[in-house]
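Notes to accompany the following structure.
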Amino acid sequence: MKHLTLLISSAGRRVGLIDCFRQSAASMGVSLEVLACDLEPGLSAACNAADRAFAVPAYGDPAFVDALIDIVREHGVDLVVPTIDPELAPLAAAIDRFSALGARVHVSPSCVIEVARDKLRTAEVLEQAGVPVPWTRPFGNGHLMDGLSGWPAFLKPSAGSASRGIRIVEGPAELPEAVDEPMVLQQFLVGPEFTVNMFIDQGGVLRSAVAHRRLRVRAGEVEKGRTERDPIFRELAEGVARALPEARGVLCFQVILDAATGPRVFEINARFGGGYPLAHHAGAEYARWLLEEVAALPSTAHDDWRAGVLMLRYDAAIFEG
C-alpha cells in the first residue's frame, strides 16, 4: 500500500477538508497520515482532528516558512496544502525549497498569487482575457480616481478576504477621509452569488468546474449552498484559466449574476475554498486528484459531477479533558 503524508497549514476549523482527503485516500487504497499546523494548535479543531499537530509562527513572521520546512523535512511530507490567502505568497516564493525535500506545495506560482491577492489586478487581468468583471477603481486617502460609473458602490480592501472590511457606500459623502490599507471601489452588484470551484491539472488543463449557489453566507464563507450546472459557469472558468495560464491545482472564484449587466466575476481564491466539501460530495474529488498527482497515479479527474446537491453546514465541537 502506498503511503503519503499530508500537511494542512493554518488548519483552523478545516476538519471538513481533512475528511475529504481521508475519504479520497481510503478509496484509492492509499495510507494517508494527516499533519496540521496552526498558531495555536491546541485551539484548532482541525489540528485536533489530524494525526499530529504542530505550532508554527504566524504567516507574516519570517520564520513561518522555515517552520513548515522543518516539519516537511522531519516527517517526510509529500503534500502541503495552505488554506488561507495571506500564506500563499510566502509559500509560492519558497516552492523550490519544498521541492528540494520532495514535497509539493499546493500553490500556484507567485505571478498568479499576485493577481489573485489584489482585487484591482484581478479585475484588470480578467477583463483583458475577456472575462466579465465589475468596474473597479482604486481608492486613496481622501480622493477618488477618475472613471467612477455610479452609486452605490462596494468599498473593500484590495487584498481583503473573508468579507473583511467590506461596506456599501451610497455616495462620495460616505467615503472615509483616510484608509489604513489600499482599497478599491467596485460596482455594486445585485443578483444570486455563486462560487465556481476549478481544478487545473499539472499540465495546465482545466479538468473540472463546479458551481454552487451561495444560499447563505457567514463571515464570507458559504454556510448553505447547492450545486448548479449551467454552461455560463464553465465558460467563465475557462476565461479565468485563460487569464491565469500558470495556475495549477484548486482555485475558486466568486461571480454574481447581476440583474442589469449579467455575470460579473469579482474575486479569485487561489486555494481550496471553504465550500469545497460541497463540490467533493457532488463527485468532484479534487483532493483525490491532487493525491493522484503527488503519488504519480493515473488521473481520474473529470467534470461529471452532480447538480442539485445541497450542503447545510452546522457547528460541531471537539471536547478535551
Next on the checklist: Testing Thr300 on (1) free of Cβ contacts under 8 Å to residues at least 60 places away in the same chain; (2) among the polar types (S, T, N, Q); (3) within 21 Å of Ile168 (Cα to Cα), one condition comes back false. Which one is that?
Outcome noted: (3)
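Going by the structure shown, is Ala55 touching a strand residue (DSSP E or B) at 6+ places or on another chain (Cβ under 8 Å), among the aliphatic types (A, V, I, L, M), loosely packed, with under 15 Cβ neighbours inside 10 Å and more than 23 Å from Pro109 (Cβ to Cβ)? Quick ask: steps written out before the conclusion?
Details: touching a strand residue (DSSP E or B) at 6+ places or on another chain (Cβ under 8 Å): yes; among the aliphatic types (A, V, I, L, M): yes; loosely packed, with under 15 Cβ neighbours inside 10 Å: yes; more than 23 Å from Pro109 (Cβ to Cβ): yes.
So Ala55 passes the test.
Of the residues Ala36, Ala92, Ala25, Ala67, only one is hydrophobic (A, V, I, L, M, F, W, C), in a helix (DSSP H, G or I) and buried (at least 21 other Cβ atoms within 10 Å of the Cβ); which? Give the steps one after another, and end with the answer.
Details: Ala36 fails: in a helix (DSSP H, G or I); Ala92 fails: buried (at least 21 other Cβ atoms within 10 Å of the Cβ); Ala67 fails: buried (at least 21 other Cβ atoms within 10 Å of the Cβ).
So the residue among Ala36, Ala92, Ala25, Ala67 that is hydrophobic (A, V, I, L, M, F, W, C), in a helix (DSSP H, G or I) and buried (at least 21 other Cβ atoms within 10 Å of the Cβ) is Ala25.
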Checklist entry - Using beta carbons and a limit of 6 Å, which pairs, at least six apart or on different chains, have the first residue in segment 51-78 and more than 25 Å from His3 (Cα to Cα) and the second one assigned to a loop (DSSP other than H, G, I, E, B) and modelled with pLDDT of 95 or more? => result Ala58/Leu39; Ala63/Pro57; Phe64/Pro57
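Residues that are among the basic types (Lys, Arg) and modelled with pLDDT of 95 or more: list the helices (runs of 4 or more DSSP H) wholly contained in segment 206-321 that include at least 1 such residues.
Values: elements: 231-243, 276-281, 286-294.
Answer list for segment 206-321: 231-243, 286-294.
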Next on the checklist: One residue is enough: does segment 179-199 have a residue meeting the conditions over 25 Å from Ile84 (Cβ atoms), touching an Asp or Glu at 6+ places or on another chain (Cβ under 7 Å) and either crowded, with 22+ Cβ neighbours inside 10 Å or among the aliphatic types (A, V, I, L, M) (or both)?
Outcome noted: yes
Checklist outcome for this item: When (1) touching a Lys or Arg at 6+ places or on another chain (Cβ under 7 Å); (2) surrounded by 16 or more Cβ atoms within 10 Å (Cβ to Cβ); (3) not in a helix (DSSP H, G or I) are applied to Val107, the one that fails is (1)
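For every residue, the table says whether it meets (1) at pLDDT 75 or above; (2) outside the structural domain of Arg242 (by TED's automatic domain parsing); (3) part of a strand (DSSP E or B).
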| residue | (1), (2), (3) |
| --- | --- |
| Ala123 | yes, yes, no |
| Glu127 | yes, yes, no |
| Gly147 | no, yes, no |
| Leu155 | yes, yes, yes |
| Ser163 | no, yes, no |
| Ile168 | yes, yes, yes |
| Glu177 | yes, yes, no |
Item to check | Identity of the residue in segment 281-300, over 22 Å from Val77 (Cβ atoms) and buried (at least 19 other Cβ atoms within 10 Å of the Cβ), that ends up nearest to the chain's Cα centre (by Cα) | outcome: Ala284
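The values are calculated or read from the model by the stated rules, or taken from the named source; none is laboratory data. All values reported here derive from a predicted model rather than from experimental measurement. A quick note on method: Cβ atoms are made from the backbone with ideal geometry, for glycine too, and the neighbour counts reach across all protein chains shown.
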